[in-house]
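Asker: Sharing a structure below in structure tokens format, with a few things to ask.
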Amino acid sequence: MRFVTAGYTISGSLIQRLRTAKRVVVLTGAGVSAESGVPTFRDALTGLWATFDPLELATPSAFARNPKLVWDWYAERRAQLLQVAPNAGHLALAQLEARVPAFLLATQNVDGLHARAGSREIVELHGNIARVRCSREDRVVKRWDEPLDAMPPRCPACQAYLRPDVVWFEEMLPSGALERAEAAARDCDLLIVAGTSGEVYPAAAIPQYAKSAGARVVEVNPNPTPLSALADDTLRGPSAVVLPALVDAAWPARKD
Ligand code: BJW
């Protein structure tokens with residue numbers, strides 16, 4: 001049997017697996033926030049930043065070379081986030097969490113929109129742009145003044161530059177975050193991977209752990225990715241449409 005909902009055809013066996021799953025893991029990327037108006041990572045360099053390569057900005061060496069440029073890029077993105085809200089895809093994932101016995105949302109996004117949508121069991125693999133920490137000693141700093149001069153603000157304790165509490169290329173993921181996501185993936189019935197290009201490791205390896213352990217893997221993305229080949233189901237569309245359609249199909253009478 002197949003279900004057609006919001007224009008998407010979803011197989012009956014997928015709906016059944018979703019309804020009966022005991023442990024669900026969701027891995028999200030920037031595409032999940034696209035319909036909130038947050039540019040995806042590789043589209044983020046628009047306007048003022050159009051001439052910079054993100055691979056050149058999201059690195060420790062870029063910050064060492066030009067700390068003010070990197071600080072300003074993040075300050076601008078942080079300010080943009082005050083203007084956006086979770087979309088129907090974020091909300092559907094929070095609803096899904098409420099319906100399955102065990103759930104983990106592993107996100108590569110730094111925008112905090114999953115938490116704002118009501119998701120609870122979240123692992124932020126790449127940090128959170130709202131937080132700032134000391135670039136030397138890693139302590140999180142709660143308050144800072146935006147600089148008026150040509151350099152980022154300084155740590156009040158040691159005077160090193162402050163930096164966003166995100167994971168740049170060549171940096172390790174936060175302690176325990178990857179381990180928690182990998183363990184959940186190895187032990188789940190169903191893994192949904194939504195809105196990620198699947199190009200950035202180690203996050204991109206998480207669906208493979210689930211697949212190898214026998215879980216069903218579902219990809220939600222308007223475009224093919226390197227992860228498409230291992231997906232049992234590919235739902236080609238925007239996550240703000242497809243994810244609510246999936247939850248609606250599995251629990252048609254939902255009222256929230
Ligand atoms: C929609 C949609 C809609 C659009 N609905 N979908 C060679 C092989 C393997 C690994 C490596 C390698 N060389 C180097 C590495 C390691 C490196 C890596 O993976 N590099 C790759 C480029 C190859 N990884 C690392 O360095 C990681 N650390 C590490 O490995 O430590 C060990 C180590 C130590 C020392 C030396 C070397 C290794 C750290 C990775 C950190 C990534 N950080 C960033 C920045 C975070 C802060 C910030 O936001 O500025 O994280 S990079 C960026 O990529 C960001 C994202 O979280 C991440 C993933 O991007 P994402 O989310 O997939 O977004 P996009 O834009 O790529 O894709 C959007 C998708 O949405 C697309 O598919 C669209 O189709 C889709 N979409 N609209 C649904 N409406």
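Asker: With more than 13 Å from the ligand (Cβ to nearest atom) and within 15 Å of VAL25 (Cβ to Cβ) as the only criterion, which of GLY176, GLY214 stands out?
Answerer: Of the residues listed, the single one that is more than 13 Å from the ligand (Cβ to nearest atom) and within 15 Å of VAL25 (Cβ to Cβ) is GLY214.
Asker: Give VAL26, VAL110 a once-over and let me know the one that is outside the structural domain of LEU162 (by TED's automatic domain parsing), without any contact (Cβ under 8 Å) to a residue 60 or more places away in the chain and under 12 Å from the mean Cα position of the chain (by Cα).
Answerer: Details: VAL26 fails: without any contact (Cβ under 8 Å) to a residue 60 or more places away in the chain.
Answer to the check: VAL110.
Asker: Among the residues of the range 176-192, write down those that are in contact (Cβ under 8 Å) with a residue 24 or more places away in the chain and either assigned to a helix (DSSP H, G or I) or surrounded by fewer than 16 Cβ atoms within 10 Å (Cβ to Cβ) (or both).
Answerer: Residues satisfying the conditions are ALA177, LEU178, ARG180, ALA181, GLU182, ALA184, ALA185, ARG186.
Asker: Then there is this: Among the residues of the range 112-133, is any modelled with pLDDT of 95 or more and more than 22 Å from SER33 (Cβ to Cβ)? Before you say what the answer is, go through the steps one by one.
Answerer: In the first step, residues of the range 112-133 are kept if they are modelled with pLDDT of 95 or more; the result is 112-133.
Of the ones still in play, those that are also more than 22 Å from SER33 (Cβ to Cβ) are 133.
The answer is yes; a qualifying residue exists.
Asker: As an exercise: evaluate TYR209 against (1) among the hydroxyl-bearing types (Ser, Thr, Tyr); (2) farther than 21 Å from ALA92 by Cα; (3) within 8 Å of the ligand (Cβ to nearest atom) and give the number of the one condition it does not meet.
Answerer: (3)
Asker: Sticking with this structure for a sec: What about THR234, is it among the hydroxyl-bearing types (Ser, Thr, Tyr), within 16 Å of the ligand (Cβ to nearest atom), in contact (Cβ under 8 Å) with a residue 12 or more places away in the chain and surrounded by fewer than 20 Cβ atoms within 10 Å (Cβ to Cβ)?
Answerer: Judged against the criteria, THR234 is a match.
The values are calculated or read from the model by the stated rules, or taken from the named source; none is laboratory data. None of these values were measured; they are calculated from a predicted model. No Cβ is skipped: glycine too gets one built from the backbone with ideal geometry, and neighbour counts run over all protein chains shown.
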